[in-house]
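*Asks:* Got a structure for you, questions after.
The values are calculated or read from the model by the stated rules, or taken from the named source; none is laboratory data. This one's a predicted model, so the numbers in the text were calculated from it and none came from an experiment. No Cβ is skipped: glycine too gets one built from the backbone with ideal geometry, and neighbour counts run over all protein chains shown. Ligands, DNA and RNA are excluded from the accessible area calculation, which covers all protein heavy atoms including side chains. Shrake-Rupley method; radii C 1.70, N 1.55, O 1.52, S 1.80 Å.
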Amino acid sequence: MSDIQEYSDVVQEVRGALNAGKLKLQSTSVSFKNIKTGKVDQYQSTDVDKVYWLKRARGYCLKFMLDTGIIHRYDGFKETDFDKLSNFVSKYYQTTLEKQDLSVKGWNWGLANFTGNSMNFEVDNKLAFEVPLNNVSHSTTSKSEVTLEFHQNDDAAVSLMELRFHIPGQPTATNAEKGENTENKDPVQEFYENVLDKADIIQATGETIAVFTEIHCLTPRGRYDFKIYPSFLQLHGKTFDYKIPYTSVLRLFLLPHKDGRQMFFVVSLDPPIKQGQTRYPFIILLFQKDDEMTLELGQSDEDFETKYEGKLQREMSGLEYEVISRVFKAVTNRKITVPGTFVGSSGTNAISCSYKAATGFLYPLERGFIFIHKPPMHIRFDEVSSVNFARSAGSTRSFDFDVETKSGTMHTYVGIEKDEYGKLYDFVSNKKLRVKNIGGKLDQKQSANYADDMNDSDDDDGDHDAYLERMKAEGKDRYSDDEDDDTDSSDESFNPGDSGSEVAEEYDSNPPTTSESEEDDFGSGPEAEAKREEKRKEREKKKARTAKTVKEPGQKKVKRKQKSKNKDPDKPKRPMSGYMIWFNTNREQIKSDNPSLSMTELSKKAGELWKEMKDKSEWEGKAAKAKEEYLAAMEEYNKKPKKEKGSDDGDSDSEGEKKSKKRSKKSPVSSKSPSKKVTESRAGAGESYKSKEFISSSSSSDEDKPLKKKAKRKEKEEVKKEESEEDKESSVGELPSDEEILPSPPSSGKGSGSDETDSESGSD
């Protein structure tokens with residue numbers, strides 16, 4: 001059996017919150033490291049008195065009781081761990097792992113048994129529940145009741161704030177069996193005293209060890225009197241008063257200011273002190289570097305030797321920040337952290353920067369980063385996932401430094417001078433931190449290379465995928481070739497958004513076609529044909545760019561993609577890449593190896609296999625050979641005349657001519673007041689005239705209106721002719737004048753003004 005056992009998924013209950021950590025059992029000691037705070041609790045195996053195994057709602061609990069009465073509980077064990085832990089405890093800790101039975105009756109009366117720093121409530125000699133007395137913040141009595149109040153923990157989802165016990169006014173059976181005189185003892189007062197003896201109740205009683213007056217505090221802001229008591233620290237200000245037990249002090253920092261004239265003294269707290277909704281996890285004191293002081297401590301010489309092991313003297317003098325830091329170190333029993341080997345370009349241990357909207361100083365320490373002072377934060381290296389050097393958005397003379405933690409939180413320090421880049425880069429390289437720009441952990445050989453000065457960060461994985469970049473480049477080339485091939489395509493539907501020159505004039509019955517106008521501009525011959533073809537392609541490109549988007553109900557706008565209808569089948573096809581050649585060759589093999597995968601998952605699986613393949617020379621060679629053949633074929637294809645490149649080109653030309661005949665040049669005449677030229681263009685049109693609506697949409701229901709009107713006009717003319725003939729017959733023998741013989745102008749006919757007006761109104 002190994003003399004070390006480690007459990008990484010263990011939680012420790014602290015004031016109602018379960019803090020994850022790592023439990024390490026050794027033959028000589030037991031240690032637990034809190035992942036959140038980094039605090040390590042360690043005690044010797046010789047101090048272990050008893051070890052219990054309890055059933056919890058979430059697994060099993062391992063409880064250590066020490067000789068001093070302190071109890072440590074660790075939850076999250078499995079039932080299968082019992083045998084291994086039992087053998088380990090019996091071998092190295094000189095005790096046995098006892099199973100403690102729990103009462104499940106649900107009774108609310110029983111016997112209160114005070115053991116160590118906890119109160120066990122037992123029903124029928126079985127444990128019903130236990131109350132850690134170090135979680136009790138206050139206790140009161142009233143007749144036959146005792147009330148316990150607990151510390152509030154913001155990290156706990158649900159907090160128990162108060163618990164009341166009713167105690168009958170009679171002696172307990174346990175005390176009577178022991179033969180104690182229980183007549184003069186009040187059970188309520190006895191219960192209350194037992195609670196106060198082990199509870200974490202801070203009372204300003206007893207003599208103070210030292211008092212520091214008018215100390216300048218940055219956080220919380222103001223000047224406070226520091227009163228040092230044996231078990232807690234009291235901050236007394238003009239408005240607020242705080243009491244801080246020494247057990248909540250995590251770390252102490254002594255940091256020099258960048259100006260060289262001041263010193264920061266930082267006290268890290270967990271849980272933090274609160275004022276309303278504001279939490280203060282750090283106390284920051286500011287001292288002038290040259291101020292001195294003399295202090296007399298109010299303790300006996302015996303306490304100095306036994307309790308503080310000679311770290312304090314009755315009279316202490318020296319620099320103010322040194323005296324206060326020595327006193328804090330002795331009473332809290334915590335080490336003081338000072339800056340390490342890092343020295344910036346200014347010759348100091350601090351880097352000037354800003355976090356969000358506040359300016360401050362970043363101190364790279366030996367085991368983490370600390371930022372002073374708004375908001376103060378401490379980031380340990382074991383919490384850091386990666387760091388990143390990025391260009392500053394506002395100025396090229398500074399850069400940003402990003403620190404990403406394993407929990408996903410990103411801390412960005414902006415406005416760092418560019419001169420600090422080399423020093424900070426070497427520091428993170430020596431600490432083996434992962435730099436996101438470079439990818440992976442750095443070696444010392446790479447630390448001196450500043451060529452990639454503050455490059456933009458890569459993807460989240462930090463690795464450069466050369467295969468992905470190559471595939472992107474090939475996709476761009478293929479897309480550009482597809483655009484060239486699609487230039488021959490056209491849209492036959494009427495597009496009102498196109499230019500006016502491509503739409504037939506509203507009043508022109510026989511508009512000039514596009515081909516005729518082009519012949520007038522370019523003439524005839526092969527050169528003129530090539531120019532017309534080039535102009536037609538430019539026009540089609542313009543139409544593709546100005547194509548409108550189609551929006552369906554409940555969908556986003558989607559741009560129509562014009563399909564290539566007149567693609568030359570004789571044109572050589574682009575060669576496949578090495579990956580596609582390999583994939584087509586091994587597609588069936590991959591599919592047979594993974595029959596449950598869909599087509600998308602199969603392609604993804606093939607990409608992973610290709611990426612993991614080390615030797616790709618065979619497929620890349622085939623791709624290179626195919627590309628050479630493609631280039632040679634394209635040279636032969638380009639040498640051919642256009643007429644020999646396929647029948648599709650001729651067809652497209654004929655189709656283009658047919659479409660161009662439907663178009664006409666737009667006349668610069670207003671539709672509101674037609675000029676004389678418009679009248680002349682309509683003259684002689686007669687029944688062959690068609691309006692714009694008839695041309696654009698022959699399927700419209702309005703196309704029969706002009707025909708109906710013409711039919712009505714013909715009927716009217718026939719009626720008038722009959723009436724005129726009757727008049728002639730009735731007036732036989734009379735010789736009319738020339739004016740009477742001339743018939744009235746017909747209401748319809750070629751070149752008639754009335755027809756012109758009626759047709760115009762009908763077309764409108």
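*Asks:* Given points 7 Å out from each Cα along the Cα-Cβ axis, report the Thr600 to Glu207 separation in nanometres with one decimal.
*Replies:* My value for the distance between the label points is 7.8 nm.
*Asks:* If you don't mind, another one. Measuring from label point to label point, each 7 Å out along Cα→Cβ, what is the Asp197 to Glu6 span in nm?
*Replies:* Roughly 4.1 nm, to one decimal.
*Asks:* Using every Cα-Cα pair within segment 57-137, state what percent have a distance larger than 15 Å.
*Replies:* On the way: 2131 of 3240 pairs.
Beyond 15 Å sits 66 percent of the P(r) for segment 57-137.
*Asks:* Here's something else I'd like to know. How much length is gained on full extension from Met613 to Arg56, taking 0.36 nm per residue of separation minus their Cα-Cα distance?
*Replies:* Taking 0.36 nm per residue and subtracting the Cα distance, the gain is 195.5 nm.
*Asks:* Let me ask you something else. Among 350-357, 575-582, what's the highest-first ranking by average C-beta atoms within 10 angstrom per residue? Present the calculation step by step, with values, prior to reporting the outcome.
*Replies:* On the way: 350-357: 17.1, 575-582: 18.9.
Listed from highest to lowest mean packing, they are 575-582, 350-357.
*Asks:* Based on alpha-carbon centroids, what's the gap between segment 297-349 and segment 212-262 in Å, whole number please?
*Replies:* Cα centroid to Cα centroid, the span is 14 Å.
*Asks:* Per-residue HN-Hα couplings for segment 278-288, Karplus 6.51 cos²θ - 1.76 cosθ + 1.60 at θ = phi - 60°, whole Hz, x for Gly and Pro?
*Replies:* Each residue of segment 278-288 in turn: 8, 10, 10, x, 9, 10, 10, 9, 10, 10, 7 Hz.
*Asks:* While we're here: Step through the residues of segment 317-329 one at a time and calculate ³J(HN,Hα) from phi using the Karplus curve (6.51 cos²θ - 1.76 cosθ + 1.60, θ = phi - 60°), rounding each to whole Hz and writing x for Gly and Pro.
*Replies:* 9, x, 5, 4, 5, 6, 5, 5, 5, 5, 5, 4, 5
*Asks:* So what J values fall out for segment 291-307 if you push phi through Karplus, 6.51 cos²θ - 1.76 cosθ + 1.60 with θ = phi - 60°, rounded to Hz, Gly and Pro as x?
*Replies:* Computed from phi, the couplings for segment 291-307 are 6, 10, 7, 10, 10, 10, 8, x, 10, 7, 5, 5, 5, 4, 7, 8, 7 Hz.
*Asks:* With r defined as the distance between the Cβ atoms of Ile70 and Asp225 and R0 fixed at 41 Å, what FRET efficiency is calculated, to the nearest 0.05? Could the numbers behind the result be given before it?
*Replies:* Numbers: r = 32 Å, r/R0 = 0.78.
Efficiency computed from Cβ-Cβ geometry: 0.80.
*Asks:* Count the net charge of all other residues whose Cβ sits under 11 Å from the Cβ of Thr140, scoring Lys and Arg as +1 and Asp and Glu as -1. It would help to have the intermediate numbers written out before the result.
*Replies:* Numbers: positive: Arg164; negative: Glu145, Glu149, Glu162.
It works out to a net charge of -2.
*Asks:* Below 8 Å, C-alpha to C-alpha, sequence gap of six or more: please give me the relative contact order for segment 75-125 in percent. Can you show the working numbers first?
*Replies:* Numbers: 29 pairs, mean separation 10.7, N = 51.
About 21 percent, as a whole number.
*Asks:* Still on this model: Set the Förster radius R0 to 35 Å, insert the Cβ-Cβ distance between Asn586 and Lys84 as r into 1/(1 + (r/R0)^6), and round the FRET efficiency to 0.05.
*Replies:* In this case the efficiency is close to 0.15.
*Asks:* Can I ask one more? How much accessible surface area, in Å² rounded to 10, belongs to the heavy atoms of Lys604 with a 1.4 Å probe?
*Replies:* 140
*Asks:* Taking 51 Å as R0, compute the FRET efficiency from the Cβ-Cβ separation of Asp124 and Thr247 and round it to 0.05. It would help to have the intermediate numbers written out before the result.
*Replies:* Details: r = 35 Å, r/R0 = 0.70.
After rounding, the FRET efficiency stands at 0.90.
*Asks:* Summing +1 for each Lys or Arg and -1 for each Asp or Glu, what net charge is found among the other residues whose Cβ lies under 13 Å from the Cβ of Phe82? Can you show the working numbers first?
*Replies:* On the way: positive: Lys55, Lys78, Lys84, Lys99; negative: Glu79, Asp81, Asp83, Glu98.
Every neighbour counted, the sum reads 0.
*Asks:* Relative to the compact globular guide of 2.2 N^0.38 Å, what is the alpha carbon radius of gyration of segment 258-384, as a ratio? Intermediate results must be reported in sequence, preceding the final value.
*Replies:* Values: Rg = 17.0 Å, N = 127, 2.2 N^0.38 = 13.9 Å.
Normalised Rg, Cα atoms only: 1.22.
*Asks:* Next up: Please give the length that would be gained between Glu636 and Ile35 if that part of the chain were fully extended, namely 0.36 nm times their separation in residues minus their C-alpha to C-alpha distance (nm, one decimal).
*Replies:* 209.3 nm
*Asks:* Amide H neighbours of Asp568 under 5 Å, at least 5 residues apart or on other chains, H built in the peptide plane: list them.
*Replies:* Here nothing satisfies the definition.
*Asks:* Right, something else. For segment 34-177, go through all pairs of different Cα atoms, get the mean of 1/r, take its inverse, and jot down that Kirkwood value in Å.
*Replies:* Details: mean 1/r = 0.0571 Å⁻¹.
Mean inverse Cα-Cα distance, inverted, gives 17.5 Å.
*Asks:* Still on this structure, please answer the following. What residues have an amide H closer than 5 Å to that of Thr219, excluding those fewer than 5 places away on the same chain, when H is modeled at 1.01 Å from N in the peptide plane?
*Replies:* Amide H to amide H, under 5 Å and 5 or more residues apart or across chains, Thr219 pairs with Ile284.
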